1. Among the strands (runs of 3 or more DSSP E) contained in region B:212-268, which hold 3 or more residues that are closer than 16 Å to B:GLY179 by Cβ?
2. For B:GLY408, are the conditions met, namely being assigned to a helix (DSSP H, G or I), more than 14 Å from chain A (Cβ to nearest Cβ) and crowded, with 22+ Cβ neighbours inside 10 Å?
3. Since B:VAL221 meets every condition but one in (1) over 37 Å from the mean Cα position of the chain (by Cα); (2) at pLDDT below 90, which condition does it not meet?
4. Where residues in region B:859-880 are aliphatic (A, V, I, L, M) and farther than 12 Å from B:VAL771 by Cα, which of them is surrounded by the most Cβ atoms within 10 Å (Cβ to Cβ)?
5. When you go through (1) in contact with a Phe, Trp or Tyr (Cβ under 7 Å, 6 or more places away or on another chain); (2) farther than 30 Å from B:GLY260 by Cα; (3) in a helix (DSSP H, G or I) one by one for B:ALA87, which number turns out not to apply?
6. Can you give me the number of residues within region B:708-729 that are over 35 Å from the mean Cα position of the chain (by Cα) and farther than 11 Å from B:LEU531 by Cα?
7. Limited to region B:122-162, what total is found for residues that are crowded, with 22+ Cβ neighbours inside 10 Å and under 29 Å from B:SER426 (Cβ atoms)?
8. For the list (1) within 14 Å of another protein chain (Cβ to nearest Cβ); (2) part of a helix (DSSP H, G or I), I need the number of the one condition that B:ALA387 fails.
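The values are calculated or read from the model by the stated rules, or taken from the named source; none is laboratory data. Owing to the predicted nature of the structure, the values given are computational and were not obtained by experimental measurement. Cβ placement follows ideal geometry from the backbone for every residue including glycine, while neighbour counts extend to all protein chains displayed.
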Amino acid sequence: MVTKTKNNLLQGTLDMLVLKALSLGPMHGYGVGQRIQQISDDVLRVEEGSLYPALYRIEQQGWIESEWGVSDNNQQAKFYKLTRKGRKQLQVEEENWGRLAGAIYKVMATT
Amino acid sequence: MAWLKTLAARLRAVWNTDAVHQDIDQEMQFHIRMRTQENIERGMSPEDARRDAEQRFGNTGRIKDMGWDVRGGGWLETLWQDVRYGARMLRKHPGFSLMAILTLSLGIGANTAIFSIVNGVLLRPLPYPEPDQLDFVFQQNSAMNRFGVSVADFQGMEKEYAKIGSVAASTNRAVTLTGGERPEQIKATFVTAAYFKILGVNPASGRAFVTGEDRPDKEPVVVISHGFWERHMAGKTETIGQRLTLDGIGYTVVGIMPQGFVAPSTASPEIWPILQLQTPKRRGPFTLRVIARRNAGVSEQQGQEELQRIARGVFAQWAHTFPDANATYVSTPLKQALVGNIGTTLLVLFGAVGCVLLLASVNVANLLLARASTRQQEIAIRAALGASRFRLLRQLFTESLLLAVLGGAVGLLLAVWGVDMLLALSPDNIPRLDQVKVDGWVMGFAALGTFLSCLVFGLVPGLYSVNPDLGEPLKGGGRGSAEVPGRRRLRDLLVVVEFALALPLLIGAGLMINSFMRLQQVKPGFDPDHLLTVQLPLPSQKYPEEEKAANFHKEMMRRVQMLPGVSSASIATHLPMEGGNTNDFVLEIRPTPPGKSSEVAEFTSVSPEYFHTLSIPLLKGRYFTEQDNENAPPVMVISETMAKRYFPGEDPIGMRIKTGGCEECPWTTIVGVVGDVKNEGLSAEIEPAMYCPFTQESFGIRMMTLILRTDADPASLVPSVRREVNSIDPDLALANIKTMDQLMSESLGQSRYRGVLLGIFAIVALTLAAVGIYGVIAYAVNQRTHEIGIRIALGAQKRDIFRLVVWHGMILSIIGVVIGVGASLALTRFLTSLLYGVSNTDPATFTGVVLLLIGVALLACSIPARRAMRVDPMIALRHE
């Protein structure tokens, strides 16, 4: 049995990033990792060890769906796609994140 | 509903483990291929690229596990694993499993069966709307003496009680239905108009009675039960409006009660004719039962106060016919009145089976504990491999739960069968037995019993098993190592608990059986052998004058007496054992002081032959003769107790008495004293009794019972008696045909029921305790084989070894017995009302049971002790 060691803030953030990445279009697990890395200019590198559990977890929540398909290089790959529920969830998380980031910025900006 | 989806996904995963694993694996492989390709594009060598890709995953196994955690069966899978593992363990030890399951199913089955009875009789609410507002109303003049009310009481009550509710009167009486193939006796409850409205149940078709229909000048109407409708009217729809001839009077059927309607009485009537009450001349006789419904919001206490207020008014109005300053009306909640003292019996039985279940659980705990020692190594290895304590405990508990569920399932089957047996065994006079069935509540109870017993027997040994100390069992190699002392103490403690539990049960059963045997030896005061009793209800329509009824009886007795096989025939208003009427009386020499209630004694009208037929001995004076008839001066025979209580040191013969509050009646002279008879049942106290010739005291003359002493089997005479009766009056039906042996046995009914059931439970308890102590001692001998071998090698005698082993068991059982005696002394107080002729601390029963239990313990210990004696020191030592 593996216990959840990451704190909820970070885990929630990863979930949000995954949802955001998938909001741009269906993608396989590898692609999700790549997409997050590229958009963040290589700042955020998602570990494989976190990515897949996150994907499975989110799928279990019903925010994404998966389906086996064919990748660009003609290989069998499992594609993930945002559901309507997932889109709503992303919206909620974006708002929360905006509020949190703003608050943190304010705190840090005081001189 | 997200959790439902999750559950479904997990179920799917458990079902199809491989597919999920493959899915995860393939996805990972794809990822690694992509990464490898990218690495190569960045200029790595193919080998390095691949290695890097794989390394990024770190421990792939761990990620797969994490994936499995989320996507796989999760806890469900662990549970399934545990269940399968548990089932395998149970199959591997069939003896152990069978023993445990049987023990548990006995405990759970007995509990469930008794619970279904307790539930039906005590817990289930009465099948009427707002049953808490319903009361029975009695009359009471001392704490012990409760009786019905008279017409005068009821009519006064009916008017006054309207302020806070409504009342209805009823009286049970068998009626003769004529017009069919042959006259038939039907159980009827005559009720006043408000009866069904008070119960709150309407007929399924037709109507209930309407107000005013219970006046004497109205047309007679009757409501019938669903069963009667099916049996006698063939279930036809056009029944409403038909006429039934009951006791020669035509009644119009106005309603049919719904199927399953149960009247609030043990008489289980089939029809409810309207009770039309005449305006009374005096207050008495007290033959009506009154049921009351308080309006919403009126408490029991308020109802009671109102009744007492009404009593003062009514009593004052009728004081000249019944002066009793102590009497008043009291109400009892309907359910309490219906259930009566059977409640105590059932709760005692319930307590007893609770003990049995505890014993069963303790026994299984012991079995598991013994097995836990042999599994020590397995558990230690699993712990060493990283299983958490919680995980181990969960697995052990799952195994226990599996045992419990199997035991519970078998127990439920036993219960279904047991309920039938209990119902077959139970005496007729237990109320509400028709409410007993195995339903959802009972199933729920069985499940609860299963779970609770599992907690007891699963958790205790489980906690001891998951000992964090891994070193010892691994080192010991599981062979000959001494047992963990804590566990041995626990096992010993369980034996003590078993004996402490078994003892009160055995004592309870012992006391019950003791009472039952004493009851059986009670001399009823007459000779019950070869007696046939037949009730002969005479319809008042056809026998309006008492003289005509008396003539019928005389002629009937004359004819029956001549039947071959009949040695003596007589009639009486009541039979011994059945309980009968009482009547108040005043003595000429000691008038009742004003304001005091007159004394009361049993009162029976009989034919002169009666004492002879029943073989009731004459102690003084004379029996009745044919000359003591309606034209002769009134005479009376009294019982020995009556003579002793009211004529102490005097000769009662020739003394004069008046009965029934009848001031203007002539004095009745006492002409004889006869032996006491157990008129109210074998267990009842002997009460003073008065007997009058039926020709002089006509009360109850239309409800006489014929009593025959026969030379042959009493039952064989029924056809010829029927022929003789019908040759005088073809419209008469015989009712309540019973032999006196049957009546005696019914009188013993509840006592026998308690004795048999508690006896069965006690035997189960004794067996469980014996098996328990045997198991523990045998196990201890097994564990100590080495030590015993050394002792023998060092010169211990076989006798010493025997004593060593047996002493261990005896100490445990004696401690248990001492605690059990303490518990019994505290508990048997609740049995007092159920005992007859034995005190609840009866030293003989206590001593007997204690000796029995210790004897059984000795026997159970001596088997392993013998085995210990035969230990060969060479083998025992080489074994090491």
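1. Details: elements: B:221-224, B:243-246, B:249-256.
Correct list: B:243-246, B:249-256.
2. Working: assigned to a helix (DSSP H, G or I): yes; more than 14 Å from chain A (Cβ to nearest Cβ): yes; crowded, with 22+ Cβ neighbours inside 10 Å: yes.
Considered against the rule, which asks whether it is assigned to a helix (DSSP H, G or I), more than 14 Å from chain A (Cβ to nearest Cβ) and crowded, with 22+ Cβ neighbours inside 10 Å, B:GLY408 comes out as yes.
3. Among (1) over 37 Å from the mean Cα position of the chain (by Cα); (2) at pLDDT below 90, B:VAL221 violates only (2).
4. Narrowing region B:859-880 to residues aliphatic (A, V, I, L, M): B:859-860, B:863, B:865, B:868-869, B:871, B:874-877.
If we keep only those that are farther than 12 Å from B:VAL771 by Cα as well, we get B:865, B:868-869, B:871, B:874-877.
Details: B:ALA865: 23, B:ALA868: 25, B:MET869: 19, B:VAL871: 20, B:MET874: 11, B:ILE875: 10, B:ALA876: 20, B:LEU877: 14.
Filtering region B:859-880 for residues that are aliphatic (A, V, I, L, M) and farther than 12 Å from B:VAL771 by Cα, the one surrounded by the most Cβ atoms within 10 Å (Cβ to Cβ) comes out as B:ALA868.
5. Answer for B:ALA87: the failing condition is (1).
6. Final tally of qualifying residues: 11.
7. 3
8. (2)
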